[in-house]
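A.B. asks: Below you will find the structure I want to go over with you.
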Amino acid sequence: MVRSLKKGIPHAALLGYLVVVLFPFLFVLFSSVKKDNNAIALNPFGIPKEFVFNNYVEAWVNAKISTYFFNSLYISILSSVVSILLASMFAFAVTRMRQGKWNKILFSLVLIGMLIPNNALMLPIYTIVRKLHILNTHWALIIPYIANAIPFTIIILAAFMRSLPSEIEEAAVVDGLKAPGIFARIIVPLTVPAMVTVFIVNFLGNWNEFLLANYFLSNDELRTLPVGMVQFRDQYQMNYAQMSAGIVYSVLPVVIIYAILQEKIIEGVTAGSVKG
């Protein structure tokens, strides 16, 4: 009896945590298919009596959610992919190639980059973007997003690469492969779980980023979804049903990516924890 009770306590705690996490999302999901504000006020937490899916159409077309959505999508994906590409090459160089003390020095510089708060870099980033004449373009977001993600990505990938046995590289060298071939044909396929994990983390950070997107983009056609959602709230201040539909659009890509790559994410989270 006591043993079964002890086993049940963690499950009950996790179930309670799941309810707390899902409850706000269910509220938004149900509100997005309700008729109007009155329906939300009369039954705020219940299942709608009438499902109105036209809210999604109105939010997608009239509120320009489609434009903001695709801007955020391609900026987030491009920035995440490029940051992983650059960081993986750097991590390979400092973990698998013998460069003496330079490996530790370069990796220490990366760690120092993690200590600098992002808000402290706002003014230098703005100055660089303005001098490059890319202000009010998507490059004003893509380049800072890539630079900001590289230190964290290097640390995760380096931890995973250190756990790979050196015998793999020795066998590849015997087969005639050089450093580029070892990286592309051996290391990258083995590092996919860790890459998927950092891709999700970087994608989430880029997808939800607001400050740079708000300050660096003034053209409405270039704005990303977080900035567009703020304007959507101002424009449709009384229509909470359409606002909820816009929030669902902002959550949907993250849910889909996680559902597809769930196994790889779990593998990547434990990357580097066990050597062998």
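The values are calculated or read from the model by the stated rules, or taken from the named source; none is laboratory data. Please read all numbers here as calculations on a predicted model, not as lab measurements. Here the Cβ positions follow ideal geometry from the backbone for every residue, glycine too, while neighbour counts run over all protein chains shown.
A.B. asks: Closer than 17 Å to E221 by Cβ and either surrounded by 19 or more Cβ atoms within 10 Å (Cβ to Cβ) or among the polar types (S, T, N, Q) (or both) - does that describe any residue in the stretch 28-43?
C.D. replies: No, the conditions are met nowhere in the stretch 28-43.
A.B. asks: So N239 clears everything in (1) under 20 Å from the mean Cα position of the chain (by Cα); (2) surrounded by 14 or more Cβ atoms within 10 Å (Cβ to Cβ); (3) modelled with pLDDT under 80 except one condition, right? Which one?
C.D. replies: Every listed condition holds for N239 apart from (1).
A.B. asks: Please state which of the following conditions G272 fails to meet, knowing it meets all the rest: (1) modelled with pLDDT under 85; (2) farther than 30 Å from P165 by Cβ.
C.D. replies: (2)
A.B. asks: Something else now. Let me spell it out: the conditions are (1) closer than 17 Å to P253 by Cα; (2) modelled with pLDDT of 85 or more, and S88 meets all of them except one. Which number is the exception?
C.D. replies: Checking S88 against (1) closer than 17 Å to P253 by Cα; (2) modelled with pLDDT of 85 or more, the one that fails is (1).
A.B. asks: State all residues of the stretch 121-152 that are in contact with a Phe, Trp or Tyr (Cβ under 9 Å, 6 or more places away or on another chain), part of a helix (DSSP H, G or I) and buried (at least 16 other Cβ atoms within 10 Å of the Cβ); if no residue qualifies, say none.
C.D. replies: Of everything in the stretch 121-152, those that are in contact with a Phe, Trp or Tyr (Cβ under 9 Å, 6 or more places away or on another chain), part of a helix (DSSP H, G or I) and buried (at least 16 other Cβ atoms within 10 Å of the Cβ) turn out to be I125, Y126, V129, A140, L141, P144, I150.
A.B. asks: Does the stretch 10-29 hold any residues that are aromatic (F, W, Y) and under 26 Å from Y56 (Cα atoms), and which are they?
C.D. replies: Answer for the stretch 10-29, where residues must be aromatic (F, W, Y) and under 26 Å from Y56 (Cα atoms): F23, F25, F27.
A.B. asks: Considering only residues that are under 29 Å from the mean Cα position of the chain (by Cα) and either hydrophobic (A, V, I, L, M, F, W, C) or surrounded by 10 or more Cβ atoms within 10 Å (Cβ to Cβ) (or both), which ones fall in the stretch 1-23?
C.D. replies: Across the stretch 1-23, the qualifying residues are A13, L14, L15, G16, Y17, L18, V19, V20, V21, L22, F23.
A.B. asks: Here's another thing I want to ask about it. All but one of (1) touching a helix residue (DSSP H, G or I) at 6+ places or on another chain (Cβ under 8 Å); (2) modelled with pLDDT under 85 hold for L22, so report the exception by its number.
C.D. replies: (1)
A.B. asks: Can you tell me which residue among I116, I77, I40, I105 is outside the structural domain of V230 (by the TED database) and of a type outside the set (D, E)?
C.D. replies: I40
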